[in-house]
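What follows is one structure encoded as structure tokens, with my remarks underneath.
The values are calculated or read from the model by the stated rules, or taken from the named source; none is laboratory data. Every value quoted in this text rests on a predicted model; they were computed, and no experiment measured them. Cβ placement follows ideal geometry from the backbone for every residue including glycine, while neighbour counts extend to all protein chains displayed. Note: areas computed on protein heavy atoms with side chains; ligands, DNA, RNA excluded. Shrake-Rupley method; radii C 1.70, N 1.55, O 1.52, S 1.80 Å.
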Amino acid sequence: MSLDRQQVRKIAHLARLALRDDELDAYAATLSRILGLIEQMNAVDTAGVTPMAHPNDAGLRLREDVVTETDQRDKFLQLAPATEAGLYLVPKVIE
């Protein structure tokens with residue numbers, strides 16, 4: 001498939017890309033080569049090919065749910081400029 005300057009200009013507009021006129025030919029050639037490669041890959045008969053393994057097919061290793069850090073809530077609350085009832089107070093940003 002071959003793209004012309006007008007098609008590249010429309011694609012750039014849809015993608016909200018600013019292309020100069022002197023860049024259109026280079027982008028048209030590059031995009032045409034990419035589309036040509038996709039056409040070649042689609043033309044290959046893959047009817048008898050088994051799919052490759054997918055990483056999501058493996059089971060996830062689970063770890064034991066153990067507390068690894070001590071509770072430092074009070075220490076962190078002391079560092080905050082304003083707290084109340086164990087919560088951080090922040091300025092109101094939404095009316």
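Below are the figures for this structure:
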read-out	value
Sparse-neighbour loop sites [trypsin sites (Lys or Arg not before Pro); the stretch 17-75; at most 11 other C-beta within 10 Å; DSSP]	Arg20, Arg61, Arg63
Distance between the stretch 1-39 and the stretch 64-95 - C-alpha centres, whole angstrom	52 Å
Amide H partners (placed H, <5 Å) of Thr83, local residues excluded	Leu89
Rg to Rh quotient for the chain, alpha carbon positions, Kirkwood Rh	1.36
Long-range amide H partners of Leu3 with built H, under 5 Å	Ser32
In Hz, Karplus ³J(HN,Hα) per residue of the stretch 6-11 (6.51, -1.76, 1.60; θ = phi - 60°; x = Gly, Pro)	5, 5, 5, 4, 5, 4
Cα long-axis angle, helix 24-43 against the chain (0 to 90 degrees, to the nearest 10)	90 degrees
Which of Asp4, Asp74 is most accessible, then next, and so on - probe 1.4 Å	Asp74, Asp4
